[in-house]
Amino acid sequence: MFTSISGRSVLVTGGTKGIGRGLAAAFAAEGASVVIVGRDRGAGERAAAELAASGKVAFEQGDVASAASCAAVVAAAQERHGGLDIVCCNAGVFPSAPLAEMTPEQLEEVLATNLKGTFFTVQAALPALERSGHGRVILTSSITGPITGFSGWTHYGASKAGQLGFMRSAALELAKRGITVNAVLPGNVMTEGLADMGADYIATMEASIPLKHLGSIEDIANAALFLATDEAAYITAQTIVIDGGQIVPESLEAMD
Ligand code: NAP
């Protein structure tokens, strides 16, 4: 579809499951060389082996909450594929915790993974992205935080809105290095992580989406793929909402 993806080196954090796995599959299918990152080695190696059917995919174990781990993973991706052109900061967690009971540890887990992980990954990748000449950073944010809210997710919403604050200033700083920084904002996408939210959550979400079904990992990957192409070279600091229209209705009746 997009010829400029072929041969590019791509790093996808949280690429072993869910949306990240969809991103990895899409980039690999377009001829990119992909490194996926996650904490669970067994799951990561299995995912890479399965994804190898779509193209060139390798696993590196890493924890985005650690700056040292991000540096090691970025170095490994460069060594494996001779450089790094596209970084997808996708690793994220979304445990629920009511504000009144949230512990500092619970807050730290979400901010460290979702927000600080974005900083650490991009910081580690900067020299390689600049050398690439067409460096791309694509963040997986969310509608939750930047646009909508959900009880139990104050920490998560803050982390996802924080990614967009990061994106706008990073895009300005990195423009002179030829690097663009953009974000996809998924609504509710059927992933392993979302399945853990339970059947009631999923049914409520389906009812509040105008298109009446959850998104797929391919829906998100298609938008990310576009932002990574040469054709999208003039787009930076922008967001694409991919949510089946979920953020639009004022009420359930508004969809009748
Ligand atoms: P998922 O199915 O739970 O997968 C999460 C991925 O992130 C896994 O590969 C996981 O692997 C990795 N990960 C988690 N913590 C990590 C860490 N500290 N270091 C490295 N990797 C880590 O989640 P998902 O639903 O695909 O969500 C992916 C992203 O999309 C998240 O940023 C999420 O906030 C965002 N999002 C999802 C939805 C949705 O509806 N699913 C909607 C909006 C936004 P390990 O556990 O092995 O580390």
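The values are calculated or read from the model by the stated rules, or taken from the named source; none is laboratory data. What you are looking at is a predicted structure, and each value in this text was computed from that prediction instead of being measured. Here the Cβ positions follow ideal geometry from the backbone for every residue, glycine too, while neighbour counts run over all protein chains shown. Protein only, heavy atoms only, side chains kept; ligands, DNA and RNA dropped before computing areas. Shrake-Rupley method; radii C 1.70, N 1.55, O 1.52, S 1.80 Å.
Of note:
- 12 Å cut-off, amide nitrogen to a point 7 angstrom out along Ser151 Cα→Cβ, residues in the range 83-98: 98
- Only Cα pairs under 8 Å and 6+ residues apart enter the sum, and on that basis the relative contact order of the chain stands at 19 percent.
- Over all pairs of different C-alpha atoms in the chain, the reciprocal of the mean inverse distance, the Kirkwood hydrodynamic radius, equals 18.2 Å.
- Fully extending the segment from Asn222 to Ala158, taken as 0.36 nm per residue of separation minus the present Cα-Cα distance, adds 20.5 nm.
- Counting only protein heavy atoms and a probe of 1.4 Å, the accessible surface of the range 9-243 is 55% carbon and sulfur.
- R0 of 45 Å, Cβ-Cβ distance Asp196-Lys176: FRET efficiency to nearest 0.05: 0.60
- For the chain, the Cβ-based charge dipole about the Cα centre amounts to some 880 debye (Lys, Arg positive; Asp, Glu negative; other atoms uncharged).
- Using alpha-carbon coordinates, inclination of helix 154-175 to the longest axis of the chain, degrees: 40
- In this structure, the residue pairs whose Cα-Cα separation is over 31 Å, taken from Lys160/Lys212; Lys116/Lys176; Lys56/Lys212; Lys17/Lys176, are Lys56/Lys212; Lys17/Lys176.
- Once both labels are positioned 7 Å from their Cα atoms along Cα-to-Cβ, the gap between Ala203 and Val93 label points is 3.0 nm.
- Near Val181, the amide H atoms lying under 5 Å from its own belong to Val137, Ala237; only residues 5 or more places off or on other chains count, and H is placed 1.01 Å from N.
- Residue-normalised accessible area of the range 9-243, given per residue in Å² at a 1.4 Å probe: 42
- Largest-first principal axis extents of the Cα set of the range 1-149 (Å): 49, 31, 30
- For the chain, the longest principal axis of the Cα atoms and the long axis of helix 117-132 meet at an angle of about 30 degrees.
- Percent of Cα-Cα distances greater than 24 Å, calculated over the range 93-197: 29
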